Amino acid sequence: MQGLEELGIIHPTEIQDKAIPFLLEDGGDLIAQAQTGTGKTAAFGLPLLMKVNAKKPEIQGLIVAPTRELAKQIGKQLFRYTKFSEKIFVEVLSGGDNIDRQVAALQRPTHIVVATPGRLIDLIKRRALTLVSVKHLVLDEADEMLSMGFKKELVQIFGLTRARRSTWLFSATIPDAIHSLIKDCMTGKPHQLKIDKGHVVNRDIDHQFKICSRDEKSDFIAEFLKRQKESRGVIFCRTKAGAIILGKQLTTRGFAVDVLQGDLTQKERDTVMRSFKKERTQFLIATDVAARGIDVEGLSFVVHHQLPEQMEYYTHRSGRTARAGKKGTSITLIEPRERAKITRLENELDLSFSEVH
């Protein structure tokens, strides 16, 4: 409680309110449908930390996440929660980091492992760790892992944690592929939670849209950034090429921007994120996939150069601003023929947009 209080976590979010009592009392299998930004890390993280026996130096909890960024973020949160409690050791194992260093780190007592699927399997093949003592398996953003092609690895992980007492699966959407995974790998009838979309969207975000042609977008963004003074934010593009072009256009105009897109190596990506977090760059341009797990304090705005392919990505994107009770703005640039898409977003996500003139 002391740790949470220091982090400013006082009132539980809807997913925390529903998941935590169930996981603490019953602790059985759970399927929770919840978007990013709903507070799900604490929803599974706190019960997991409570169930770990700190005196047994073996891996008792395993959390599997789709991306390195998300895995690191979860690891960091778990570490923060336990500031005033018994020491529970968490190891983050993700691709893109030095594997020998991870092998060495696993020699120390470890209670919880947070891992990306591919790297976890590689380390098991190297006999760097065993999952035989895992009692609780958590899959975070399961739909993302399946769409990234990790089904084989997930099935392997299920097989390697046969002695587990429970499986907790969190996912923004529950496509057919997840249903078949549940049927094959979970026993009986898991407890199900669904967080209503209306509660998912952060009420501290001011949603706006601007109608402009494709050619006018760069000018509008440049004018908007000029008015931002010290404020920082993220501009989302739908494609890698679009992100790179916009980055060049804005750099030429003298803006401190960096681009985060899928073709960067892990090292380049880390450099971009570090410089953004340390406020050396004021604005970040990113594609949807590359932006997963961006967690930067104090961002004032998000600009959508185009609407994302999938509706739920709008929530992922706009949720980068207005975190921890602060206010933020989300501006979407649409071409005249796309006006109906804004209405659809309003209806599906229970939002109201105002038009920028």
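The values are calculated or read from the model by the stated rules, or taken from the named source; none is laboratory data. Everything quoted here is computed from the prediction, not taken from an experiment. Every residue, glycine among them, receives a Cβ derived from its backbone with ideal geometry; neighbour counts consider all protein chains shown.
Structural remarks
- Residue count for segment 259-299, restricted to those that are part of a loop (DSSP other than H, G, I, E, B), on the phi < 0 side of the Ramachandran plot and loosely packed, with under 15 Cβ neighbours inside 10 Å: 6
- In segment 300-319, residue surrounded by the fewest Cβ atoms within 10 Å (Cβ to Cβ) [restricted to those that are in a loop (DSSP other than H, G, I, E, B) and touching a residue at least 12 places away in the same chain (Cβ under 8 Å)]: Glu309
- Hits in segment 305-357 (condition: modelled with pLDDT of 95 or more, under 25 Å from Ala290 (Cα atoms) and of a type in the set (Ser, Thr, Tyr)): Thr329, Ser330, Thr332
- Of all residues in segment 211-226, those satisfying the criterion of being touching a residue at least 12 places away in the same chain (Cβ under 8 Å) and part of a helix (DSSP H, G or I) are Arg214, Lys217, Ser218, Phe220, Ile221, Ala222, Phe224, Leu225.
- Of Ala340, Ala322, all but one fail to be part of a loop (DSSP other than H, G, I, E, B) and small (Gly, Ala, Ser); the exception is Ala322.
- Residue match in segment 48-55 (condition: modelled with pLDDT of 95 or more, in the same structural domain as Lys135 (by TED's automatic domain parsing) and surrounded by 24 or more Cβ atoms within 10 Å (Cβ to Cβ)): yes
- Lys76 passes every criterion in (1) crowded, with 21+ Cβ neighbours inside 10 Å; (2) modelled with pLDDT under 95 apart from (1).
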